[in-house]
1. Can you pull out every residue in the range 77-103 that is surrounded by 18 or more Cβ atoms within 10 Å (Cβ to Cβ) and either outside any loop (DSSP other than H, G, I, E, B) or aliphatic (A, V, I, L, M) (or both)?
2. Residue check: is V224 assigned to a strand (DSSP E or B) and open to solvent by 10 Å² or more (accessible area, probe 1.4 Å)?
3. I'm checking my understanding of the structure. Among residues of the range 139-169 that are within 28 Å of D64 (Cα to Cα) and not polar (S, T, N, Q), which one is modelled with the lowest pLDDT?
4. Go through A304, A267, A328, A316 for me and flag whichever is on the phi < 0 side of the Ramachandran plot, hydrophobic (A, V, I, L, M, F, W, C) and open to solvent by 20 Å² or more (accessible area, probe 1.4 Å).
5. Please state which one of V106, V74, V53 is in contact with a Phe, Trp or Tyr (Cβ under 7 Å, 6 or more places away or on another chain) and either open to solvent by 50 Å² or more (accessible area, probe 1.4 Å) or in a helix (DSSP H, G or I) (or both).
6. Just the residues that are touching a helix residue (DSSP H, G or I) at 6+ places or on another chain (Cβ under 7 Å) and either aliphatic (A, V, I, L, M) or at pLDDT 90 or above (or both), please, taken from the range 264-275.
7. Identify the single condition in (1) more than 16 Å from the chain's Cα centre (by Cα); (2) assigned to a strand (DSSP E or B); (3) of a type outside the set (D, E, K, R); (4) buried (at least 24 other Cβ atoms within 10 Å of the Cβ) that L259 does not satisfy, given that it satisfies every other one.
8. Among the residues of the range 113-136, what is the count of those that are within 23 Å of G67 (Cβ to Cβ), in a loop (DSSP other than H, G, I, E, B), open to solvent by less than 50 Å² (accessible area, probe 1.4 Å) and of a type outside the set (V, I, T)?
Amino acid sequence: MSAAVRAAVAAALLAGTLSIPALANGNGRVDTRSGMKPDLNDPAISGDFDYGVCRGTDPDCYHDWVGDERENKVLIYTRTAGPRHANLGPRLAAGLNPPLAAGNIVQNSLIRWLAAEGIAADWTEDVTRLSNLNRYKAVIFASTSRDTLQKHGSAVDPALAINTTTSAHLDAAKTALRQYIRAGGGFVAIHNAFGTEYNWPWYEGLLGNANYYDHGANQDGTAVVVQGDSSTAGLPGSFGFKDEWYNLVPFPTAVKFLLRVDEDTLATKRSTHPGHGKFHPVAWCQYYDGGRSWVTTLGHDGAAFTEGSGFPGQAAFQSLITNGIKSAMGLVPFCTTHERKRWRPWDRD
């Protein structure tokens, strides 16, 4: 291979127009088969659902109706309506940008990492603050849990059920998030954002036709870059990391896979779910219902968010998260690919 060809290949990998597996198998497609029977990575088995939207890696599924009105800012949302990861620290007070404690590791780290890139951040765990989202270039769900978008504690008085003055709109945040995405907003899901809004099909689609099922032990493993992308730029081809390595049902479809874990490096592959065998994804991206969605199941340990902690793969994780957020914001190319996949209801046979 000549120097010129090598340079062209390197540039294509960085831009995401050529995949690492394409160099290996020559067909330009990522082989997502698990090698297991039954193959739970097969959408015919795990499910490939109609969410009533245009989604996939085709930019035609994207439209920005807000444009320059968005500030160079993100909203970090960490409300938990169920289990709470230790790295989120103590629950935050109501309102926007409440005081943070040292134990709010995820929030502090994301704010710090983005500030280093010239990106401002607001943060909240107040569900009523998920409104007027169009000012943000991305909304980040970091280890939220369960029905995080439900306004709990607001009893509905049957006598007021048809009274338009009542404040008992319990899921206004759902509407706000969906309208934001439909206007071209960016969405980032980190770790237990996959343990969120289980029974809301639109949100499952936002995650890439994927949802958390279970995980094995919190353990060391080897993460492997699947395809070149703005969010994986600068990462080594593989690196050690420690996480819970979520198993998924359904299995993601019509997305660009970015990172996987080599299951052969895991001591405990599962609890109930049999695992994903030869292809276990941990990060991917897609256009969805007009917006951008960049997601990763990684991020269990507080040390992964702490520079200088000695945590395996910390620097690579920080780079992945920071660049993933920037791509969802549209600051760098988003989810570029040689193969434009699109899932639209009217395209289906």
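1. Y77, T80, N87, L88, L92, listed by residue number.
2. Taking the combined requirement at face value, the residue satisfies it.
3. H169
4. Sole residue among the options that is on the phi < 0 side of the Ramachandran plot, hydrophobic (A, V, I, L, M, F, W, C) and open to solvent by 20 Å² or more (accessible area, probe 1.4 Å): A267.
5. Unique residue meeting the criteria: V106.
6. Of everything in the range 264-275, just one residue is touching a helix residue (DSSP H, G or I) at 6+ places or on another chain (Cβ under 7 Å) and either aliphatic (A, V, I, L, M) or at pLDDT 90 or above (or both), namely G275.
7. (1)
8. Residues meeting the conditions: 3.
The values are calculated or read from the model by the stated rules, or taken from the named source; none is laboratory data. Since the model is a prediction, treat every value here as computed from it, not as a measurement. Heads up, the Cβs are rebuilt from the backbone with ideal geometry, glycines too, and the neighbour counts pull from every protein chain shown. All accessible areas refer to the heavy atoms of the entire protein, side chains included, with ligands and DNA or RNA removed. Shrake-Rupley method; radii C 1.70, N 1.55, O 1.52, S 1.80 Å.
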